[in-house]
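Single-structure report; data block below.
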Amino acid sequence: MTPLGLALFLAGVAALRLTGGFALGGVIAGNDRVTRLLLLMPLSIVAAVISVQTFTTKAHIVLDARIAGMAVAAGLAWRKVPMGVVVVIAACVTALVRAAGWG
Amino acid sequence: MSSPPDTAVATTTVAGAGARTRRALKPGSFRPLDLGTLMFASAITGVAVTAIMRDVGTPAWVVMAACTFAFSGTGEVAYASVIASGGGMVPALVATMLVSSRFGLLAMSMTGRWPAPLWERIAVAHFSSEVAVAAAIEQRPAGPDAARRAFWQLAVSTTGGWIIGSGIGLVLGQLGDTRRIGLDVVFPASFVGAVVNALRQRDSTAAVLLGAVAALALTPVLPPGLPVLFAAAGSLVALGVEPRGWRRPAVAPRAAVSAGPGPVWDTVIEDPFEEAGW
């Protein structure tokens, strides 16, 4: 990344965030349906990021040890285990399954 | 006059009745251990991203400026991977904007969650990340203060870890194969809680499943970043699903009645799975 690239990168990301937080967020605030949408949308995005990071590598669907780690993580989170513990156990399970020879 | 710690001890002795006492967490607050783990996880990501940026010949100060002021690790990786594959600056920036576009939507979903002055609204937009936004949404039933506390605790710890990790990455260089120790699930595992919790309600379950499936289906056919962006549209479909828990209540739940004219989806559902013995 060159200094010019950096400047454009910073400006671009800031523009995206401020557009969301002000231009879009400001116009539609107060509408009940929109309020509800704003609650559901992050869930869709977060679930999408999780599925992409768990089941894909580059542009391919790849099923490997990550699935085991994330499945355990989901189970623990369901049982309301603290986040820090969930993360550590998920990493350990993934590492163990890999060590055992899968993915 | 007793100092605050003394007061705390005295209260403990009286009220604690021998039980090991831990100061109760305020709603929306995380345990220091959780925040520490998350900070560590972000630091690891920072080290990895710095290595990728350095590989394509990025000066150290540019790496630090990028991680400190943009807070988009995936954006940096997208930029670096286009450059590494022989692309120019324009396609690299386009790729960056695509993968970072979700931050705009995340920032949008944080608007109006709690009363905030202008500077805080700008800061919230800047620090909106999956982890912090997911936690704020999850804490919403506990009130705006809890949502705000959860957001900022996670935003500060992940940003702090991220910047420190990027700095360490400049010194360390390559970490080696982080996949071997399972570090590739650290990021998704850190916000799996919000998603799992969303499965307790019908409409949020739809949002989660549609988002996850759409992103997977689109990954082989679209450039990186776009699948997640389009997956956000899953929430539009989920809007048509009834906002309530899984068990059909025999009578209107008390909370719904006492909540008065508030929108029905703001009704706090007393954990239906707890009752069912899950």
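The values are calculated or read from the model by the stated rules, or taken from the named source; none is laboratory data. On a predicted model such as this, the values are computed, not experimentally measured, just so you know. In this analysis, Cβ positions are derived from the backbone assuming ideal geometry, glycine residues included, and neighbour counts consider all displayed protein chains.
To keep it simple, each residue is scored yes or no on (1) over 27 Å from A:PRO3 (Cα atoms); (2) not in a loop (DSSP other than H, G, I, E, B).
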site	(1), (2)
B:SER42	no, yes
B:GLY46	no, yes
B:PHE71	no, no
B:VAL77	no, yes
B:VAL94	no, yes
B:SER101	no, yes
B:TRP114	yes, no
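Quickly run through segment B:176-201 and pick out the residues that are at pLDDT 85 or above and more than 7 Å from every other protein chain (Cβ to nearest Cβ).
The answer is B:ASN197, B:LEU199, B:ARG200, B:GLN201.
Filter segment B:148-179 down to the residues that are without any contact (Cβ under 8 Å) to a residue 40 or more places away in the chain, among the aliphatic types (A, V, I, L, M) and within 17 Å of B:MET39 (Cα to Cα), then identify the one that is surrounded by the fewest Cβ atoms within 10 Å (Cβ to Cβ).
Of everything passing the filter in segment B:148-179, B:VAL156 is surrounded by the fewest Cβ atoms within 10 Å (Cβ to Cβ).
What single numbered condition from (1) more than 7 Å from chain B (Cβ to nearest Cβ); (2) of a type outside the set (Ser, Thr, Tyr); (3) surrounded by fewer than 20 Cβ atoms within 10 Å (Cβ to Cβ) fails to hold for A:ALA65?
So A:ALA65 meets the others, but not (3).
Got a number for residues in segment B:29-52 being more than 14 Å from B:GLU76 (Cβ to Cβ), in contact (Cβ under 8 Å) with a residue 40 or more places away in the chain, surrounded by fewer than 24 Cβ atoms within 10 Å (Cβ to Cβ) and of a type outside the set (S, T, N, Q)?
7
How many residues are surrounded by fewer than 18 Cβ atoms within 10 Å (Cβ to Cβ) and of a type in the set (A, V, I, L, M, F, W, C) if we restrict to segment B:66-80?
Residues meeting the conditions: 1.
Going by the structure shown, is A:VAL72 in a helix (DSSP H, G or I), under 26 Å from B:ASP177 (Cα atoms) and either within 7 Å of another protein chain (Cβ to nearest Cβ) or more than 20 Å from the chain's Cα centre (by Cα) (or both)?
In short, no.
Matching residues to (1) at pLDDT 95 or above; (2) not in a helix (DSSP H, G or I):
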{"site": "A:ILE50", "(1), (2)": "no, no"}
{"site": "A:ILE67", "(1), (2)": "yes, no"}
{"site": "A:ALA77", "(1), (2)": "no, no"}
{"site": "A:VAL88", "(1), (2)": "no, no"}
{"site": "A:LEU96", "(1), (2)": "yes, no"}
{"site": "A:TRP102", "(1), (2)": "no, yes"}
